[in-house]
Amino acid sequence: MALDAHPKPRLKAFVQSDLFYSFRTSYVTVAATLVALFIIAAAFLAPWIAPHNPFDVSTLSLWDSELPPAWAEDGDPRFLLGTDNQGRDVLSAILYGSRISLAVGFVSVALAMAIGIVVGLISGYFGGAIDAFFMRIADVMLSFPTILVALLVSGIVRGILPREMHDNAALVVLVFAITITTWVQYARTVRSSTMVERSREYVYAAQLVGRRPFAILFSHILPNVMGPVLVIATINLAMAILIEATLSFLGVGMPPTNPSLGTLIRVGNEYLFSGIWWVVIFPSLTLVTLVLAVNLLGDWLRDALNPKLR
Amino acid sequence: MIAFILRRLIQSVVVMLAVALIAFTMFRFIGDPVNSMLPENATVQDRQKLRDRLGLNETVSVQFARFVSGAVQGEFGISYRNKRPVSDMIAERLPATLELVFAAAIFSLLLGVPMGIYTALHPKGIISNFLNVASLIGISVPTFVTGILLILVFSVWLNWLPSFGRGDTVQIGWWSTGFLTLSGIKSLVLPAVMLGLFQVTLIMRLVRAEMMEVLRSDFIRFARARGLTNRAVHFGHALGNTLMPVITIVGLQLGSMIAFAIITETVFQWPGMGLLFIQAVTFADIPVMSAYLVLVALVFVVINMIVDLLYFAIDPRLSAQS
C-alpha cells in the first residue's frame, strides 16, 4: 500500500468518512446519540448538578416527604420531580442512580469485551482442544436466557460471600455476573472472524517474517475483527443496563442505601398503591429512554458497518 | 429412526448429567449445609450426627451418585430457610407457573400472529409502520416496567383487575388451578399480558419475516397464476407454510418464558416457582436453587428434544439421510 503523501488530520478524516456521513443523515440516530450523551453527562456530573445530596441524611426532612412534582398541585419548586417517602428529591436520586447503572453497564461491557476478544482470538487462531473447550461452555451458556444465568451467578456468589458483605460487594457482584454472562457473544463473533482472517495473506506474511503468534493476533488480526465487536458492545451496553436494572429490581442487585435505577423502581413500586406514582414512573422513564437511545444507536451502527447494506 | 432417537436421548442425558454436576457442586461446596441447618449453639456431636445423616462423610463420587439418584426421584434435600423438603415446595408452586406461562403463550399467539400477517400483507401501510415502531419500543421497555405500568393503569387508577396473587384456586388432586374461578381468571390477566407482551413482538417479527419470504416463492406465484383470489392464496397456501417455523420457535420460547416468569411473579407476587427461586437467591438457599436449576434445564432439554423429533417426523429428508 502506498503511503499517503499528505495524511489527513484524524478529526477531518473522521468527519469526511462514510460512517460519519451515514450518521449525520440519520436524524433518529443523531437524536438518540444526543439523548444518550445528555443522560450520561448528567449522570457523570451528578455530584455537581444534583439539587440535593440524597445520601446526606441531615438535609432530609420528613416535612418534605411524598411531595408531587413541582408542576402539580401541592408541588414544591425545590423538588422538580417530587420527593419519596423519606423526603428525598427524586431528580437527585435518579441522577445518582443513573451514575451507578451506567458505571455497571460500561465496566461490565469493557470486561466482557476484553475477555471475549482474548478467548475468541485464541480459539479461532489455534483451534483444537482449547477451541472445543471454550465453545462447549459457550453452547451451554447461550442455550439459557441471559437473565437466568446472571441470576444464578449472582446467587452463587452470594452463597460464597458472608451475608454482611452482600450490600458492600453488590456492585462487584453485579459487574461479575453480567461479565460472566455476556463475554460469550464477543468470543463467538471474534472466533469466527479470526478463523477467516487466519488464512489471509497478511497473516501468512507476518508468520513468514517470524512474528510471534500473540503479536500477530493482537497487532494484525485484532484491528480487522473489531467492527462487529463494536456493534455487539453497543447493543450489549443496553442489555447490561437492563440486566443490572432487572437484578436490582428483583432485589439481588444494588441495595436501597446505594440505589441504581432498578433499585429506585423496586422501592417506588412498593408505594404505587398509595398513589405516589412519580417515585416509580420517573426512574422507569429514565431507564427506558436510556436503553431505547442506546439500542437505536446500536441498530444504526450494525447497519452502517454491514457491507451488504451499503 | 430408532438409532436417531436413541442418539438424541443419550445426548439429552449427558446434558442433564452436566447440569446435575453443576447443581451438585453448588449444593456441596457453597456454604456449609451443616452450619445453615443447625442453630448456632449446636454441639460438635450434633454436627457430627447431622453430617452422618446427610451423608457428608462419604466420598464425593458416592455423594454425587446419591444426588443424581435423589434428583431422578424428585428429591432435592431440605430447604435451608424453610426446613421443608424442596420437592414439596416445588410441587406446590409448579401449577401456578405453568398456568401463567400457558396463558401468556396463548395471548402472545393470538395477538402476534394476526399482527405479523397484517404487516406482511401490507408492509407499507400506516398501521404496519405504527406496529413496527411499537415493537422497537416494546423491546426496549424492560418487562418489569411494563408490569408496573399495567398495575398503575388497571389496578390503581381504573381498579378493574387485581394486582397480586392468584385469587381463589380450586384443588384438583395435587394440582391447584385458577382457571375455574372468576377471581382466578381476573388475577391471571395482567401477569399473562406482561409475560406475553415481549413474546408478541418476537412472534410478530417472525411471522412477518417468514410470510414475506413465503409470498415470494414460486408456488405462490403459481397459485396467483391459476387465478386464485388473494384470500385463498394468503390464507390457504401461504399461512400454513409460514406457521411451521413459528410453532417451533414458540415451542423453544416456552422454556425461556418459564425463566422470564421469575420477573412477572416478582412484580405480581404470583406464588409460582420463579418467586420461590428469587427468594432462594436472596437468602442463598442452595438446595432450592439447585432444584430449580435442574428442573428448568430438564424443561429446556425435553422441549429441544421434542422439537428435534417433530422435525424428524415431519421432514422426510432427514430420515432419508440417515
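The values are calculated or read from the model by the stated rules, or taken from the named source; none is laboratory data. Predicted model only: the values in this text are computed from it and were never measured. Note: ideal-geometry Cβ built from the backbone for every residue, glycine included; neighbour counts use all protein chains shown.
Key figures
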{"item": "Considering residues of segment A:5-22 that are of a type outside the set (D, E, K, R) and part of a loop (DSSP other than H, G, I, E, B) only, the residue modelled with the highest pLDDT", "result": "A:17"}
{"item": "Given (1) buried (at least 16 other Cβ atoms within 10 Å of the Cβ); (2) at pLDDT below 80, index of the condition residue B:274 fails", "result": "(2)"}
{"item": "Residue that is farthest from the chain's Cα centre (by Cα), among those in segment A:239-262 that are among the β-branched types (Val, Ile, Thr) and within 12 Å of chain B (Cβ to nearest Cβ)", "result": "A:252"}
{"item": "Condition broken by residue B:81, with the remaining ones in (1) in a helix (DSSP H, G or I); (2) touching a residue at least 40 places away in the same chain (Cβ under 8 Å) satisfied", "result": "(1)"}
{"item": "Scope segment A:109-132; condition over 15 Å from residue A:179 (Cα atoms) and either of a type in the set (Lys, Arg) or surrounded by fewer than 22 Cβ atoms within 10 Å (Cβ to Cβ) (or both); matching residues", "result": "A:122, A:125, A:126, A:127, A:128, A:129, A:130, A:131, A:132"}
{"item": "Residues of segment B:210-234 classified as surrounded by fewer than 14 Cβ atoms within 10 Å (Cβ to Cβ) and either in contact with a helix residue (DSSP H, G or I) (Cβ under 7 Å, 6 or more places away or on another chain) or on the phi < 0 side of the Ramachandran plot (or both), total", "result": "11"}
{"item": "Meets criteria (under 30 Å from residue A:91 (Cβ atoms) and charged (D, E, K, R)) for residue A:197", "result": "no"}
{"item": "Criterion violated by residue A:145 - all others in (1) buried (at least 21 other Cβ atoms within 10 Å of the Cβ); (2) under 22 Å from residue A:254 (Cα atoms) satisfied", "result": "(1)"}
{"item": "Filter result for residue A:224 (within 19 Å of residue A:122 (Cβ to Cβ) and either in contact with a His (Cβ under 7 Å, 6 or more places away or on another chain) or surrounded by fewer than 24 Cβ atoms within 10 Å (Cβ to Cβ) (or both))", "result": "yes"}
{"item": "Test: residue in segment B:289-309 that is of a type outside the set (Gly, Ala, Ser), more than 25 Å from residue B:198 (Cα to Cα) and away from every other protein chain (no Cβ under 14 Å)", "result": "yes"}
{"item": "Output for segment A:124-158, where each listed residue is facing another protein chain (nearest Cβ under 9 Å) and basic (Lys, Arg)", "result": "A:158"}
{"item": "Within segment B:254-286, considering residues that are among the polar types (S, T, N, Q) and facing another protein chain (nearest Cβ under 10 Å), the one nearest to residue A:160 (Cα to Cα)", "result": "B:282"}
{"item": "Filter result for the condition that a residue is over 19 Å from residue B:132 (Cβ atoms), touching a strand residue (DSSP E or B) at 6+ places or on another chain (Cβ under 7 Å), without any contact (Cβ under 8 Å) to a residue 60 or more places away in the chain and not in a strand (DSSP E or B), over B:228, B:180", "result": "B:180"}
{"item": "Residue list for segment A:24-44, filter: without any contact (Cβ under 8 Å) to a residue 40 or more places away in the chain and not small (Gly, Ala, Ser)", "result": "A:24, A:25, A:27, A:30, A:34, A:37, A:38"}
{"item": "Residue within segment B:64-86 that is crowded, with 16+ Cβ neighbours inside 10 Å, away from chain A (no Cβ under 14 Å) and on the phi > 0 side of the Ramachandran plot present", "result": "yes"}
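Yes/no per residue for (1) within 17 Å of the chain's Cα centre (by Cα); (2) of a type in the set (Val, Ile, Thr):
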{"residue": "A:105", "(1), (2)": "yes, no"}
{"residue": "A:109", "(1), (2)": "yes, yes"}
{"residue": "A:114", "(1), (2)": "yes, no"}
{"residue": "A:147", "(1), (2)": "yes, yes"}
{"residue": "A:156", "(1), (2)": "no, yes"}
{"residue": "A:159", "(1), (2)": "no, no"}
{"residue": "A:167", "(1), (2)": "no, no"}
{"residue": "A:178", "(1), (2)": "yes, yes"}
